[in-house]
Structures are given as structure tokens and as C-alpha cells.
Amino acid sequence: DAFTAKVSRAKALNAFLVETPEHALAAARAADAARAAGETLKPLAGVPIGMKDLFCTNGVTTTAASSILGGFTPPYESTVSQNLWDAGAGMLGKLNMDQFAMGSSNETSAFGNVISPWRRADGSNAPLAPGGSSGGSSAAVAARLCPGATGTDTGGSIRQPAAFTGISGIKPTYGRCSRWGTIAFASSLDQAGPMARDVTDCAIMLEAMAGFDKKDATSLQLDVPGWERGLSSDLKGKRVGIPKEYRVDNMPAEIEALWQQGIDWLRDAGAEIVEVSLPHTKYALPAYYIIAPAEASSNLARYDGVRYGLRDLPDGAGLQDMYAATRADGFGTEVKRRIMIGTYVLSAGFYDAYYTQAQKVRTLIARDFERAWASCDVLLTPTAPSAAFALGEKSADPIAMYLNDVFTVPSSLAGLPAMSVPGGLDANGLPLGLQIIGRSLDEQGVLNAGLAIE
Ligand code: GLN
């Protein structure tokens, strides 16, 4: 029947790694009971959401889409997921992703890639990437399997999948959401954030997710503003910066057109448009692909077969053999590539040439933004240099895949809040996203500009 067909179409997306309907039902029942008792409902009372499999969930398998965490069931709950349950939400399940959040297409998952619910209008039925690394989250929200999902963003993993699937997603200022209980990729960059159908839902979810947590040393000791209450699409008196260095070579005409459309919308909403310069933009991608793997190589040292998940213990093997066999079997190709790059750039002979240099570049990039804020309040750019590509199209060429992050990485290096909102469709009928980058702690400014575009 129609329902069964719907369910099998939904399952074919491969968005969920684990389904937890009882968790979502319990939240729905609690919301019903509160309503019946005449109590004030919590902000997310009964809302069923999807949880990226990077968040540890007490008693529910959590793998970061890697075989090395196969069957790992955390005995604790991440702060972000706990905050969502405290706000009344329930969990539909754990969402597929790029392994350890490394990737831009979801193809590095050990459990099969997610398929975008979108198809090209030209009838070419090639399955499309839902973006990455939060590709299970973007596909699930875009396919209307859940009204919202959590994502994490280290170099664009909330914004690029949101852009590829026509939904909204915000990465808050670094430190707004606790990283406690979120499996680490690159600790100085990792931030959690919501992915949802529109800006208002993102604001509501982010309010629940954010907040100081003494268990995370980099958590910001600040109250969570009332972002939903503060929403306004009136941009009178606001200045929107257009960074000229984001006009990269070979930018497709439709991305240019999308950007111009976004500029027009924000001008219509009352904003003044100004051109700004972020001169070190072109060094952001190489700096990111040094710093993120360096931190990853350190963070992933803990997967040694002793403490979590997979253990390969060949007959007669010693401890070193066990480490080697477990890591050889457990990590995927992209994860191994990052560990090797990371250990290389951190090694004694190369540390100054690569790692120190990348950290200096990171400072210059943060300063570029600081200078830009003298003449504008938010920045507007495209989210990604292309619409969703076909699965397999870039998987043989890591550099081509990394280049897809060109617009999202600079704000990650600077720790700034940044959002992607749907901007329109390309000639093939595929969604394109516009990115808004804000000052540190100005999620409100970002959300409001997003609202004006939406
Ligand atoms: N695509 C980028 C990478 O592979 C970003 C990933 C992320 O933000 N988690 O590192």
C-alpha cells in the first residue's frame, strides 16, 4: 500500500543508522500528558528529531559511521542531546554521516552513503550526494522524515549539506554548544548546530542546544539569547558585506546569479550593501586541511582496540599487532588519509613548515574578518561552489572534494557563526544555498539576514 511504499522509499535514502521510535514516542506521550495537565509546554515538546551519529546517546549505539566504533554503546549522553531532551524533544534515530565527520558527500560512511531525496530535472537519474558530513541529517530533513536534526560543522558540515538539500542550518559561534559527548574530529573547529526546514525552526532548536557546560573547557560562559523572540527580517540600518575574494575563478554563472539575487533580497529588506575584502581567503582551505587533520590525528589516537568498539586480536598477536590490525580494519580510507596528513604535519621535521604556518594563516584569516566588521554587520556569500554532485563524481579525487569547502572553511577557522539558507534552484532544479557569516556571538544578526532571504 501507499504507506509501505513511502516507508521503503524513506529507507532507501539510508539516512538512519539506528531507529529509536520508542524514544520519540516517549517524548510525544510526555508532551500529551503535560498538555492534558494544563502545564506550559516545553519549547520542543514532543518534537521528533534525528541525531547525527557523532553525538553519544546513552544506551543507543553511536559509531560516527566508522567500523572502529562498531557496536559501541555509550554509557552517557552528550550535553547537546541532553539539552534537546530537556527541552522536550524525542529521538527518531541516529543519522548516517561521513565517517568521523570527514567528507563533503557522505561517501566516507562505513555503512553505505546516504542518497539525497533530490533528483535532477533533466531525467538523469544518477543518485546525488546529500552533502557532508551531516548528510543523513540533511537528507532526513529534506525528505520530511523529521522536522529537524542535529549536525556538526568543522569546516562546513552543517552548511554545505543544508545547501545541497534545500534546507537551513546554522553553525553557531565556536563555544556556544558544548562539545562534551560529541565524538571529536578537530576540537578547535568542531561545533554542533541545528538543521531544519526554516530559519525559525533553526532558532528554536539552537536555543535548546546551546548553553554553558562546565564539562567542556571551551564552552562559552554566556546566557543563551532568545533568538526566536529576536527574529526580524527588517534589515534597516544593517550593512551587508560582499567579500570580493569569494568570486573565485571558474565560479559557475548560476552561483554568481544566486549571489546577486541574495544581494537584491537583502537590499529589499533594507540593508545597505558594501564590498569588503578578506585578503587571506585563498589560504583558508590549505590551512584548514593542515589544522583539521593534525587535530584529528591526535583525537583518533584513542581508537586503539583497547577501550572502545572494534578489537582485532589475531592469533598469537601482541599488543602492537592488535593496535595495527584494529586500526587497519576499523578506519576507512579517508580517515587514514587524514591521520597520515596530520601526523606528517605535526612531525618534528615539518611542524614549523606546515602546522605553525597554518596557525599563523588562521590568525590572519580571523583578522581579515575583524577588519571587515568595521564596514559591515554580516557577510553574504554562496554556501558552496556548486549544487549537489552525483555520488561517485568526486570520490576518486580528494582534492576536488576538499575544494567544495572553499566558502565554508574561513568562518570555521575564525570560529564565527555562519548559516546556509535556501537561495533558489539551478538549471537542473537542484537547490543552491546562500551563506551568511556574522560577528562572533551575533547569531541573531545571521538568523535575521537568513530570515530576510527566506
Ligand atoms: N568537508 C570538510 C572535511 O571533510 C568539513 C567536514 C566537517 O565540517 N565536519 O573536513
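Each label was represented as a point 7 Å from its Cα along the Cα-to-Cβ direction; for Ala37 and Arg229 these points are 2.5 nm apart.
Take 233-246, 70-83 and order them by the average number of nearby Cβ atoms within 10 Å per residue, most first; the result is 70-83, 233-246. Its DSSP H runs of at least 4 residues, each contributing -39,500 (n - 2.57), put the calculated 222 nm mean residue ellipticity of the chain at -10500 deg cm²/dmol, to the nearest 500.
Summarising the amide proton neighbourhood of Arg239: residues at separation of 5 or more, or on other chains, whose placed amide H is nearer than 5 Å comprise Glu272, Asp377, Val378. Annotation: peptides 351-358, 195-202, ranked by per-residue average of other Cβ atoms within 10 Å with the highest first, follow the order 195-202, 351-358. Report, in whole Å, the centroid distance computed from the Cα atoms of the range 362-395 and the range 293-356. Value for the Cα centre distance between the two parts: 30 Å.
Summary value for the range 154-292: 20 percent relative contact order, contacts being C-alpha pairs under 8 angstrom separated by 6+ residues. Along the charge dipole of the chain, pointing to its positive end and built from +1/-1 on Cβ of Lys, Arg, Asp and Glu, which listed residue (Gly181, Ile255, Ile170) has its Cα farthest out? It is Gly181, whose Cα lies furthest towards the positive end. Principal semi-axes of the equivalent ellipsoid, √(5λ) from the alpha carbon gyration tensor of the range 15-454, are 31, 28, 21 Å from largest down. Between Arg371 and Gln260, the simple spin-label model (points 7 angstrom out along Cα→Cβ) gives 2.9 nm. Fully extending the segment from Asp86 to Ala28 would add 19.6 nm, taking 0.36 nm per residue of separation and subtracting the current Cα-Cα distance. Identify the residues of the range 100-128 with backbone N under 17 Å of a label point that sits 7 angstrom from the Cα of Ala400 along the Cα-to-Cβ direction, or state none. Output list for this probe position: 103-108, 126-128. Put the Cα centre of the range 36-93 next to the Cα centre of the range 172-201 and the gap is 14 Å. Across the chain, C-alpha contacts under 8 Å between residues 6 or more apart give a mean separation that, scaled by the residue count, equals a relative contact order of 18 percent.
For a paramagnetic label modelled on Arg239 (point 7 Å from Cα along Cα→Cβ), amide N atoms under 20 Å away belong, within the range 365-398, to 366-381. For the chain, the antiparallel share of DSSP beta bridges with both residues in that region comes to about 70%.
So for the pair Ser187, Ser277, with labels modelled 7 Å out along Cα→Cβ, what separation do we get in nm? Going by the 7 Å Cα→Cβ label model, 3.8 nm.
Within the range 245-292, which trypsin sites (Lys or Arg not before Pro) sit in a loop by DSSP and count at most 16 neighbouring Cβ atoms inside 10 Å? Those that pass, being in a loop and sparsely packed, are Arg247.
The numbers here are math on the coordinates, done by the rules we state, and not lab data. What you see is a predicted model; the values in this text were computed from it and never measured. Counting neighbours? That spans all protein chains shown, and the Cβs are built from the backbone with ideal geometry, glycine included.
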